[in-house]
Amino acid sequence: MRAPVSMLRNTAWASAGRYVEYFLGMVMSVVIARALGPSDYGIYAFAIWLSHLSLLLINGGLPTALIKFLAELRGQGDEGAEGALFRRVSRFHHWTTGLFLTLGAGLVWMAGEAILPGEAPGALLWMVLLATVFKASYMFRQGLAKGREDFRAIALTILLVAPSNAIAVAVASALGAGLTGFLAVFTAAGLAYLLLLRVFLGRPPVPDTGAPERVAALRPRLHRHILLATANTLLAFLVFKQSEVLFLRLFAETSAIAYFNVAFTLSTAAATLVPGVVGTILLPAMARAVAQDRATAGRTFVEATRYLWLLGLPLMIGGLLYAENLVGLLYGPDFRAAAVPLAVMLVASSFHMISQSGSSYQISSDRQHVLLRLNLLLVVVTLTLDWILIRAFGLTGAVIAYSTTTIASALFLLWLTRRDLAVQLPLGIAWRTTLAGCLALAVVWPLGWILESVVELLVGGTLFVGIYLVATLRLRCWSATDLATGRRLLQRPGIRWLLPGGAFLLDRIGARPATLE
């Protein structure tokens, strides 16, 4: 990995964007769910799921191709080829967008009422179609920004658009908007994200002399990556991004879609905001490490996995403690059926985020075929489980199917990458981290017997995080580099003002550095 402070700078920008986007996204989800109720919110959630699936049909592996090959060129000191690479990949994006619009328009015209339930399904699907095109172009441009490691442009776009989107949702709710109104806001937000990111990124630089030829030499690898990444992305969507919604649409009430979506939204947001922040910057960092040598890639994988486990474990335990309180507080009593699914899916989502250390290596080392084989197997297992379990048990079957395949695939991917790089994961640190989490759980659990739900959530959550942090410091879960970087940051004027006495407390805790065992 890069030097810790430089890595933290990228993490800070990525965190700023992600925290705002996912926090406000969760707020908007709550507002829309409360306005529509379980039945109509289930229809809205299914429409958004269709948009996400369609987005992947347009983009496929194009954004990851930009990230991987731009980071690779930058790692080799060839930044002058950026413009030529962007132009080549953009041509693919223009073709897939045009094809999607043509096929999508025909499908809406012929079978709109069969796809989406509710009133005026044709109008709703046209908005979904437009929103998908806007969001696909925005996500494609994000690939350019991440390949440059320009997380600032992404964060600034989110910081400007997300609050405006939240205000629009609040206004629509106050005016009594239905499905049509909320989908119109969703479509407008997609356009705003695209336009603003284009402004912050500017035009790609003009390729220098010889850049087109150097990029043309990458063509076999580039095309192979795009094909394999597209297949992997679509297959992974069916495994990790709610293929269960489709089967719930077939075999259950729309309210079951609403409950599943609430649990999925909260669990994914939590896993993305905490361990997922490291995952955001991991792919370009891993691509640089792979371009250097195998040993550097191995160290990057081990360190990333350690960080992700340290950040992911509190979410798994937190779901056991506070899922019911959280759902009741945010969505109201009508959505309490989502509490148990949330607790289970928080564990699954955390494992999925932790396994990004492995998937980033497989992508960066041109081993997409490995992920393709894994995802093909997972799709068969997932769809089989979905068909059997959801048909028999409805919402409960959907939660079991999703969580089983997600956790199993995460563990297998970590084992496979460890074997490929011939490294040992720091299992000693993982066990000590788990012990720290169990100690915090044992202290906080009894609070549920004496405190009201909201107070328990605030007091217990704060106490849990504090005990967990102290326990991990005492139990040697952080490396010497982590501790040194933390002390330097706590001594900076701005952070020292926010956390007075932080460096003193860190020393008083008696933190001991870990050995990577």
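The values are calculated or read from the model by the stated rules, or taken from the named source; none is laboratory data. What you see is a predicted model, and the numbers here were worked out from it, not measured in a lab. Because the Cβ atoms are built from the backbone with ideal geometry, glycine has one as well, and the counts that use them run over all protein chains shown.
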Note down all Cβ pairs under 6 Å where the first residue falls in segment 289-300 and is farther than 9 Å from residue 421 by Cβ, the second is hydroxyl-bearing (Ser, Thr, Tyr), and they're at least six residues apart or on different chains. 289/296; 289/300; 290/364; 290/365
Would you say residue 197 is under 18 Å from residue 33 (Cα atoms), in contact with a helix residue (DSSP H, G or I) (Cβ under 7 Å, 6 or more places away or on another chain), buried (at least 22 other Cβ atoms within 10 Å of the Cβ) and of a type outside the set (Phe, Trp, Tyr)? no
Residue hits (segment 420-456; of a type in the set (D, E, K, R), under 26 Å from residue 330 (Cα atoms) and in a helix (DSSP H, G or I)) are 456
When restricted to 363, 390, the only residue in contact with a Lys or Arg (Cβ under 7 Å, 6 or more places away or on another chain) and in contact (Cβ under 8 Å) with a residue 60 or more places away in the chain is 363
Selection within segment 454-475 - loosely packed, with under 15 Cβ neighbours inside 10 Å and over 16 Å from residue 317 (Cα atoms): 454, 455
Among the candidates 472, 433, which residue alone is under 30 Å from residue 371 (Cα atoms), touching a residue at least 40 places away in the same chain (Cβ under 8 Å) and outside the structural domain of residue 380 (by TED's automatic domain parsing)? 433
